[in-house]
């Protein structure tokens with residue numbers, strides 16, 4: 001899990017969720033790219049952030065997109081965030097004894113109820129659905145500290161953006177394997193706002 | 001031991017590989033071609049252990065040729081990169097994985113100049129410039145400093161030459177010969193053969 005380095009965090013706000021990730025792709029100490037995608041849209045209002053081994057991030061996101069597409073074709077509706085968590089959990093547990101080295105985070109707004117939702121899993125698919133925030137990657141300790149310090153319930157979308165940006169930038173600054181910029185998605189019932197953050201490029 | 005270099009310019013991609021084949025402490029061949037032409041405007045430089053680069057390179061070349069015959073059009077750089085990545089990602093969890101690192105260079109109408117970095121695990125990244133091997137430790141900073149978004153072909157070749165000079169100066173492993181290739185809309189051509197003098 002410490003081969004490529006990554007940091008992903010998701011937070012719940014008032015009728016909105018935010019998910020942020022760093023942009024580094026490296027091989028241990030050597031940085032290869034600063035625009036590696038770790039957050040993938042699985043629907044209009046649902047995003048999945050993946051951390052861990054880069055090859056498994058790509059494979060799992062592709063396999064998940066496939067299952068999401070098949071669901072949409074069969075059901076004529078999109079996967080809700082809660083159901084997506086169950087799909088990911090199944091996908092990862094299928095490889096229980098030869099797992100994908102990948103820890104996902106789901107963030108989304110349910111399109112029918114409008115309720116914000118976040119969840120995370122470990123590499124074999126054990127889900128957890130907290131009410132406040134989830135973290136994953138090589139900077140989890142730092143992210144937990146930052147989130148615990150800055151998060152409050154019922155943050156408005158703009159405030160949530162500020163909060164999650166501060167959390168991720170400060171956390172990755174203390175982690176050699178994560179950072180090199182960050183990307184933040186704010187998901188609300190009527191739309192998604194994506195912003196890239198300028199951070200320390202080291 | 002083997003160094004691979006790659007850099008994008010606005011109308012072509014320059015890739016380079018050293019030309020030494022060694023077994024432990026002996027140099028077996030000093031004019032080895034580590035480049036595989038995968039299509040009219042697609043080439044890769046590949047390195048690794050135990051014959052895997054040659055076998056994997058040929059395997060990809062033949063499969064991409066088969067795709068063109070079967071479907072009557074060739075896979076572009078993006079498609080080829082993902083096909084090669086999928087092959088590597090399946091290989092890593094198989095009985096005997098391919099142990100290769102590669103840089104894939106391609107030119108196309110839709111993507112322009114594209115350079116992809118891949119390793120034996122199946123990690124894939126589209127990069128403006130990159131390198132594999134010990135040579136990367138000396139080359140990446142040079143490329144960071146000198147590369148511009150709209151590099152010309154000659155500027156890109158000059159940057160590669162700078163990197164090779166530094167590798168030959170500072171790397172304890174002697175890599176006297178390098179081959180430089182350009183992938184453009186006119187095809188894949190060998191730009192320079194920096195060979196050691198006999």
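Just a few scattered comments:
- Test: residue in the stretch B:142-163 that is more than 16 Å from the chain's Cα centre (by Cα), closer than 19 Å to residue B:41 by Cβ and surrounded by 23 or more Cβ atoms within 10 Å (Cβ to Cβ): yes
- Residues in the stretch A:172-202 that are touching a helix residue (DSSP H, G or I) at 6+ places or on another chain (Cβ under 7 Å) and over 23 Å from residue A:117 (Cα atoms): 6 in all.
- For the stretch A:114-171, a residue qualifies if it is under 19 Å from residue A:187 (Cβ atoms) and in a loop (DSSP other than H, G, I, E, B), and the qualifying residues are A:114, A:115, A:129, A:130, A:131, A:132, A:151, A:152, A:153, A:154, A:155, A:156.
- None of B:175, B:104, B:124 is within 13 Å of chain A (Cβ to nearest Cβ), crowded, with 21+ Cβ neighbours inside 10 Å and touching a residue at least 24 places away in the same chain (Cβ under 8 Å) except B:124.
- The residues of the stretch B:1-32 that are crowded, with 16+ Cβ neighbours inside 10 Å and over 19 Å from residue B:114 (Cα atoms), listed by number, are B:2, B:3, B:18, B:19, B:20, B:21, B:22, B:30, B:32.
- The criterion of at least 3 residues that are within 11 Å of chain B (Cβ to nearest Cβ) and more than 11 Å from the chain's Cα centre (by Cα) is met, among strands (runs of 3 or more DSSP E) falling completely within the stretch A:1-107, by A:25-27, A:30-33.
- Only one of the numbered conditions (1) more than 27 Å from residue B:140 (Cα to Cα); (2) surrounded by fewer than 17 Cβ atoms within 10 Å (Cβ to Cβ); (3) within 14 Å of chain A (Cβ to nearest Cβ) is violated by residue B:65, and that is (3).
Bear in mind that the values in this text are calculations on the coordinates, not laboratory data. Being a predicted model, the structure only gives us computed values, none of them experimental. Backbone-built Cβ (ideal geometry, glycine too); neighbour counts: all protein chains shown.
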